[in-house]
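Step one of this worksheet: look at the structure below.
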Amino acid sequence: MNKILVKLYVPMIGEEYELWLPVNKKIHAIIKLLVKAVNEFTKGYYNPIEMPYLYDKITAEVYDINSKIIETQIRNGSELILI
(Lines give C-alpha, C1' and ligand atoms only; values in the text may rest on other atoms or scores of the structure.)
Protein backbone atom coordinates (compact mmCIF):
# COMPACT_ATOMS: atom_id res chain seq x y z
CA MET A 1 0.00 0.00 0.00
CA ASN A 2 1.70 3.21 -1.09
CA LYS A 3 -0.95 5.81 -0.19
CA ILE A 4 -2.89 6.64 2.95
CA LEU A 5 -6.10 8.61 3.49
CA VAL A 6 -5.83 11.44 6.03
CA LYS A 7 -8.02 14.29 7.21
CA LEU A 8 -6.32 17.68 6.86
CA TYR A 9 -7.43 20.74 8.84
CA VAL A 10 -6.36 24.18 7.61
CA PRO A 11 -7.19 26.69 10.40
CA MET A 12 -6.06 29.70 8.36
CA ILE A 13 -9.10 29.25 6.10
CA GLY A 14 -11.32 27.21 8.43
CA GLU A 15 -11.55 24.22 6.09
CA GLU A 16 -10.87 20.50 6.26
CA TYR A 17 -10.14 18.01 3.51
CA GLU A 18 -9.72 14.27 3.09
CA LEU A 19 -6.65 13.56 0.99
CA TRP A 20 -4.56 10.62 -0.17
CA LEU A 21 -0.85 10.98 0.64
CA PRO A 22 2.04 8.93 -0.79
CA VAL A 23 3.93 7.18 2.02
CA ASN A 24 7.33 7.27 0.31
CA LYS A 25 7.63 11.09 0.16
CA LYS A 26 9.33 13.32 2.72
CA ILE A 27 7.21 15.62 4.85
CA HIS A 28 8.60 18.78 3.20
CA ALA A 29 7.49 17.45 -0.22
CA ILE A 30 4.09 16.52 1.23
CA ILE A 31 3.67 20.04 2.68
CA LYS A 32 4.39 21.54 -0.75
CA LEU A 33 1.81 19.20 -2.31
CA LEU A 34 -0.74 20.08 0.38
CA VAL A 35 -0.22 23.83 -0.06
CA LYS A 36 -0.66 23.48 -3.82
CA ALA A 37 -3.79 21.32 -3.43
CA VAL A 38 -5.44 23.63 -0.87
CA ASN A 39 -4.55 26.64 -3.04
CA GLU A 40 -6.33 24.97 -5.97
CA PHE A 41 -9.32 23.95 -3.81
CA THR A 42 -9.73 27.56 -2.66
CA LYS A 43 -9.15 29.03 -6.13
CA GLY A 44 -5.99 30.84 -5.01
CA TYR A 45 -7.28 32.10 -1.65
CA TYR A 46 -4.85 29.97 0.40
CA ASN A 47 -1.36 31.23 -0.33
CA PRO A 48 0.86 31.21 2.78
CA ILE A 49 3.91 33.50 2.78
CA GLU A 50 6.11 31.01 4.65
CA MET A 51 6.10 27.24 4.35
CA PRO A 52 3.66 25.90 6.97
CA TYR A 53 4.31 23.03 9.36
CA LEU A 54 2.40 19.77 9.56
CA TYR A 55 1.08 18.73 12.99
CA ASP A 56 -0.75 15.73 14.41
CA LYS A 57 -4.18 17.01 15.51
CA ILE A 58 -4.43 14.70 18.53
CA THR A 59 -0.91 14.94 19.99
CA ALA A 60 0.09 18.37 18.58
CA GLU A 61 3.38 16.77 17.49
CA VAL A 62 5.11 18.66 14.70
CA TYR A 63 6.45 16.35 12.01
CA ASP A 64 10.11 16.52 11.02
CA ILE A 65 10.28 17.82 7.46
CA ASN A 66 13.10 15.41 6.63
CA SER A 67 11.14 12.27 7.61
CA LYS A 68 9.17 10.18 5.15
CA ILE A 69 5.49 9.60 5.88
CA ILE A 70 6.18 5.88 6.37
CA GLU A 71 8.71 6.77 9.12
CA THR A 72 6.11 8.74 11.12
CA GLN A 73 2.97 7.80 13.03
CA ILE A 74 0.80 9.05 10.13
CA ARG A 75 -1.54 6.23 9.06
CA ASN A 76 -4.94 5.83 7.40
CA GLY A 77 -7.41 7.99 9.27
CA SER A 78 -4.80 10.28 10.82
CA GLU A 79 -5.94 13.83 11.45
CA LEU A 80 -3.37 16.48 10.53
CA ILE A 81 -3.19 20.25 10.85
CA LEU A 82 -1.42 22.52 8.36
CA ILE A 83 -0.29 25.72 10.12
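The values are calculated or read from the model by the stated rules, or taken from the named source; none is laboratory data. Keep in mind it's a predicted model, so treat the numbers as computed, not measured. Note that we place each Cβ from the backbone using ideal geometry, even for glycine, and neighbour counts take in every protein chain shown. When the accessible area is computed, the model is the full protein with side chains, heavy atoms only, and any ligands, DNA or RNA have been set aside. Shrake-Rupley method; radii C 1.70, N 1.55, O 1.52, S 1.80 Å.
Apolar share of the accessible surface for the chain: 53 percent from carbon plus sulfur atoms, 1.4 Å probe. Note on H28 and M51: their simple-model spin labels are 0.4 nm apart, each label 7 Å out from Cα toward Cβ. Note on the chain: Kirkwood hydrodynamic radius from all Cα pairs is 12.7 Å, rounded to one decimal.
Per residue, the chain exposes an accessible area of 65 Å² to a 1.4 Å probe, with every protein chain left in place. Placing a pseudo-label 7 Å from each Cα along the Cα-to-Cβ vector at T59 and E16 gives an inter-label distance of 2.0 nm. Entry note, the chain: the mean residue ellipticity at 222 nm calculated from DSSP H runs of n ≥ 4, each adding -39500 (n - 2.57), is -6000 deg cm²/dmol after division by the residues and rounding to the nearest 500.
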